[in-house]
DNA sequence: ACCCAGGTGGCCC
DNA sequence: GGGCCACATGGG
């Protein structure tokens, strides 16, 4: 019998502790970070954010009016830098044009409408939209990433297909709490990165009790398995 | 040398 | 509505 999703959260939280994702940042910094972190390590994003700050470009109107080549230089370390420069600048121009450069105004309003509006911006897909809604707006949307799919697929949870199917599954089986959503998403990421990626660490894994890979390992039925 | 990183957009069928 | 591919740098 699989545990409830909030029990999985508690297992991870008890082991890894609070993750403090995106603490004390401005809304715009979170939005830019969400765009830059796509398929990229967070340490590279931190450098790029630092570069943008030093160049005084981490504000909608400033970024909107900056030369593309300057923006590209700031964020080069995050990869896909031409695409991403275009995405962050178009986002900045959109906020400058329609919301007087105010991220607070931009984020005001109903979650579903904002989700649709975000998805209309270049470089904003499902995960990025939900990240912005959850971490910048504080709206109760569960953020799904490739780790979420992989981990819970392998644990055997009957998730729906695709991004929306997985998101609906989590939201239907979890209390609708922003703090829980924030922490759970971060914990899933940290867990997969530290224990399931290239380093098969079934031994001492906080999910040993419910993980079929760990179970096989503990029983001696399998060697260390990458999972 | 190889794999991976907090995905997205465009195209194809 | 899913399956591919380009996008690009940096760290282990």
Filter result (within 16 Å of DNA strand C (Cβ to nearest atom) and either free of Cβ contacts under 8 Å to residues at least 24 places away in the same chain or part of a loop (DSSP other than H, G, I, E, B) (or both)) within the stretch A:157-177
A:158, A:159, A:160, A:161, A:162, A:165, A:166, A:168, A:169
Across the stretch A:23-37, what is the number of residues that are without any contact (Cβ under 8 Å) to a residue 60 or more places away in the chain, under 30 Å from residue A:157 (Cβ atoms) and outside any loop (DSSP other than H, G, I, E, B)?
1
Of the conditions (1) surrounded by fewer than 13 Cβ atoms within 10 Å (Cβ to Cβ); (2) within 14 Å of DNA strand C (Cβ to nearest atom); (3) over 26 Å from residue A:215 (Cβ atoms), residue A:146 satisfies every one except a single condition; which number is it?
(3)
Determine, yes or no, whether residue A:138 is at positive phi and within 14 Å of DNA strand C (Cβ to nearest atom).
no
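For (1) more than 19 Å from the chain's Cα centre (by Cα); (2) within 16 Å of DNA strand C (Cβ to nearest atom); (3) part of a loop (DSSP other than H, G, I, E, B), each residue gets a yes or a no:
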| site | (1), (2), (3) |
| --- | --- |
| A:9 | no, no, no |
| A:12 | no, no, no |
| A:15 | yes, no, no |
| A:21 | no, no, yes |
| A:39 | no, yes, yes |
| A:44 | no, yes, no |
| A:51 | yes, yes, no |
| A:61 | yes, no, no |
| A:89 | yes, yes, no |
Looking for something within 15 Å of DNA strand C (Cβ to nearest atom), within 21 Å of the chain's Cα centre (by Cα) and modelled with pLDDT of 95 or more - is there at least one such residue anywhere in the stretch A:95-113?
no
Would you tally the residues in the stretch A:38-64 being under 19 Å from residue A:135 (Cβ atoms) and touching a residue at least 40 places away in the same chain (Cβ under 8 Å)?
5
On the basis of being away from DNA strand B (no atom under 12 Å from the Cβ), assigned to a helix (DSSP H, G or I) and touching a helix residue (DSSP H, G or I) at 6+ places or on another chain (Cβ under 7 Å), does residue A:106 make the cut?
yes
In the stretch A:48-78, anything surrounded by 15 or more Cβ atoms within 10 Å (Cβ to Cβ) and within 16 Å of DNA strand B (Cβ to nearest atom) is listed as A:48, A:49, A:72, A:75, A:76, A:77, A:78
Cβ-Cβ distance below 6 Å, separation of 6 or more or different chains: which pairs start in the stretch A:80-93 with a residue that is free of Cβ contacts under 8 Å to residues at least 24 places away in the same chain and closer than 15 Å to residue A:67 by Cβ and end on one that is in a helix (DSSP H, G or I) and more than 10 Å from DNA strand C (Cβ to nearest atom)?
A:85/A:68; A:85/A:71
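Taking the options A:145, A:130, name whichever one is within 16 Å of the chain's Cα centre (by Cα), touching a residue at least 40 places away in the same chain (Cβ under 8 Å) and within 14 Å of DNA strand B (Cβ to nearest atom). Spell out the reasoning first.
Details: A:130 fails: touching a residue at least 40 places away in the same chain (Cβ under 8 Å).
It is A:145.
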Complete set of residues in the stretch A:114-130 that are within 15 Å of DNA strand C (Cβ to nearest atom) and part of a helix (DSSP H, G or I):
A:119, A:126, A:127, A:128
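The values are calculated or read from the model by the stated rules, or taken from the named source; none is laboratory data. Model, not experiment: these values are computed from the prediction. No Cβ is skipped: glycine too gets one built from the backbone with ideal geometry, and neighbour counts run over all protein chains shown.
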